[in-house]
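Engineer: One structure is given below, represented as structure tokens, and several questions about it will come after.
The values are calculated or read from the model by the stated rules, or taken from the named source; none is laboratory data. Treat the numbers as computed from the prediction; the structure is a model and nothing was measured. Neighbour counts run over all protein chains shown; Cβ positions are idealised from the backbone, glycine included.
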Amino acid sequence: MGAKPKYKRILLKLSGEALMGDGAYGIDPETAARVSLEIKHARDIGTEVCVVVGGGNIFRGLKGAAEGLDRSTADYMGMLATVMNALALQNALEKAGVDNRVLSAIPMASVSEPYIRRRAIRHLEKGRVVIFAAGTGNPFFTTDTAAALRAAEMNCNALLKGTQVDGIYNADPKVDPTATRYDALSYMDVLKQDLKVMDAAAISLSRENNIPIVVFSIHGENALVQVLEGHGTCTVVGGEQ
């Protein structure tokens, strides 16, 4: 782990499913602990880390809307689910000895700090991991878009999306064994080919702010550090093509 990290400050986007483990829903403590160690190792090599975590393991806004809930109500419920995940990740990071703060876009003074940009940057400068909860605080925006927004606000060098697979493929590799992985793509490639790695708003926001998106598997041991050191398996969207 002696290599200099490729990115000084990153935003790590985790899906809610990344915390589920083998369960059908909810939070698996062992999986949360393993993800926290990945983040700890990234901090240990000198990378400043902030995190946006989704809520799909607890509640998914679009699914709720499809089942008869008002879309805004369903999205707010999804934002509250992300707060639950953020607190679980905070607890796991603390157990790993990593100083961190949860900042929520929906004020919840009893369990988190309110999101204030300058405060968040100061936490990062002090070496703390910052976990952004409650998405953007607005309905109709996904946590992918929240991740791109916070990455821009925090002046991050890259947005790393930890997924269930080790990059972007031309088809679902779990369904199609002939699917091939891309090493690099432009932002427009992703938009034109409608590759479902992130929603179009997140891709466009990253493109406007020239923030590369790095897609990798969060489930490999030391996968995050390997990507940061430049030798992990991943797909890079944008950046230096």
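Engineer: Which residues, counting only those in the range 185-241, are within 19 Å of L14 (Cα to Cα) and aromatic (F, W, Y)?
Structural biologist: Scanning the range 185-241 gives a single hit, F216.
Engineer: Out of (1) among the hydrophobic types (A, V, I, L, M, F, W, C); (2) part of a loop (DSSP other than H, G, I, E, B); (3) under 21 Å from R150 (Cβ atoms); (4) in contact (Cβ under 8 Å) with a residue 60 or more places away in the chain, the odd one out for V51 is which?
Structural biologist: Of the numbered conditions (1) among the hydrophobic types (A, V, I, L, M, F, W, C); (2) part of a loop (DSSP other than H, G, I, E, B); (3) under 21 Å from R150 (Cβ atoms); (4) in contact (Cβ under 8 Å) with a residue 60 or more places away in the chain, the odd one out for V51 is (2).
Engineer: Within the range 211-228, can you find the residues that are in a helix (DSSP H, G or I) and closer than 16 Å to A18 by Cβ?
Structural biologist: The answer is A223, L224, V227.
Engineer: Oh, and also: Give the residue that is farthest from T31 (Cα to Cα), with candidates limited to residues of the range 143-189 that are acidic (D, E) and surrounded by 15 or more Cβ atoms within 10 Å (Cβ to Cβ).
Structural biologist: D189
Engineer: Could you list, ordered by first residue, the pairs with Cβ atoms under 9 Å in which the first is in the range 114-133 and β-branched (V, I, T) and the second is modelled with pLDDT of 95 or more and assigned to a loop (DSSP other than H, G, I, E, B), at least 6 apart or interchain?
Structural biologist: Close Cβ pairs (under 9 Å, with a partner that is modelled with pLDDT of 95 or more and assigned to a loop (DSSP other than H, G, I, E, B)) amount to I121/M154; I121/N155; V129/V98; V129/D99; V130/M154; I131/S112.
Engineer: Looking for something in contact (Cβ under 8 Å) with a residue 24 or more places away in the chain and closer than 17 Å to V51 by Cα - is there at least one such residue anywhere in the range 165-179?
Structural biologist: Checked the range 165-179: no residue is in contact (Cβ under 8 Å) with a residue 24 or more places away in the chain and closer than 17 Å to V51 by Cα.
Engineer: Across the range 4-48, what is the number of residues that are part of a helix (DSSP H, G or I), more than 16 Å from V227 (Cβ to Cβ) and touching a residue at least 40 places away in the same chain (Cβ under 8 Å)?
Structural biologist: Residues flagged as part of a helix (DSSP H, G or I), more than 16 Å from V227 (Cβ to Cβ) and touching a residue at least 40 places away in the same chain (Cβ under 8 Å) within the range 4-48 amount to 7.
Engineer: Residues that are in a loop (DSSP other than H, G, I, E, B), crowded, with 20+ Cβ neighbours inside 10 Å and out of contact with any Asp or Glu (no Cβ under 9 Å at 6 or more places or on another chain): does the range 62-74 have at least one?
Structural biologist: No, there is no match, as no residue in the range 62-74 is in a loop (DSSP other than H, G, I, E, B), crowded, with 20+ Cβ neighbours inside 10 Å and out of contact with any Asp or Glu (no Cβ under 9 Å at 6 or more places or on another chain).
Engineer: Here is a list: K192, K196. Which entry is loosely packed, with under 15 Cβ neighbours inside 10 Å, under 17 Å from the mean Cα position of the chain (by Cα) and more than 30 Å from R119 (Cβ to Cβ)?
Structural biologist: After applying the criteria, what remains is K196.
Engineer: For the range 84-133, name all the residues that are in contact with a Ser or Thr (Cβ under 6 Å, 6 or more places away or on another chain) and β-branched (V, I, T).
Structural biologist: V102
Engineer: State all residues of the range 200-241 that are among the aliphatic types (A, V, I, L, M) and farther than 14 Å from A158 by Cα; if no residue qualifies, say none.
Structural biologist: Of everything in the range 200-241, those that are among the aliphatic types (A, V, I, L, M) and farther than 14 Å from A158 by Cα turn out to be A200, A201, I218, A223.
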